[in-house]
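Down below is the structure, laid out as C-alpha cells.
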C-alpha cells in the first residue's frame, strides 16, 4: 500500500458482522469507520477520505447499493464492496455500478479482506493516474 493509512468505511446493519470485519481490517493496518446507516455513511464520506466502502444492501434507511451514486458524487475514486444476507438480482445491479466484490452473508472474512485489498490496489492505480 502507500504511506497514508488506507481507509475503509463499513456500513452494515448487522453489528456483529461489522465488528468482526472491523477487527480483521484494523489488524491488517486499515483505518476503519463502522456505521450502521446510509446517512452515517454519507456523513463519514464527507468528513473523511474513504478508499473502500463496504456496503450492506440491507441498511435501515437506504439500501446499500442505492447510496453508491451519492458517494461517487462526493468522491468518484472510492471502490465499493457490497454485502447482503440474500442473493437476488441485486448482484447484477451492483456489478453494473462497478462494485469490486459482492458477498453473501455470512461473510467469509478472508475472502472479503482479500477483495478489499484488491479494491485498494485498483484505487491506488486510479489515484496514480490522477497524479501523473
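A short reminder: the numbers here are calculations on the coordinates, not readings from a lab. This is a predicted model, so every value here is computed, not measured. All Cβ positions, even for glycine, are placed from backbone atoms using ideal geometry, and neighbour counts span all protein chains on display.
The stretch between residue 125 and residue 27 holds 32.9 nm of extra length on full extension. This uses 0.36 nm per residue minus the Cα-Cα distance. Protection proxy ranking, highest mean first, for peptides 104-110, 11-17: 11-17, 104-110, where packing is the per-residue count of other beta-carbon atoms within 10 Å, averaged. The distance from the alpha carbon centre of the stretch 18-36 to that of the stretch 40-76 is 16 Å, rounded to a whole number.
Which order, highest average first, do 66-77, 26-37 follow once you tally other Cβ atoms within 10 Å for each residue and take the mean per peptide? If you can, show how the numbers build up before the last one.
Numbers: 66-77: 14.6, 26-37: 16.2.
Result, highest mean Cβ count within 10 Å first: 26-37, 66-77.
Ordered by the count of other Cβ atoms within 10 Å of each Cβ, fewest first, 65, 48 give 48, 65. Note on residue 118 and residue 60: with the Förster distance fixed at 41 Å, the Cβ-Cβ geometry gives a FRET efficiency of about 0.90. Spin-label pair residue 72-residue 108: with each label point 7 Å from Cα along the Cα-Cβ axis, the two points sit 2.8 nm from one another.
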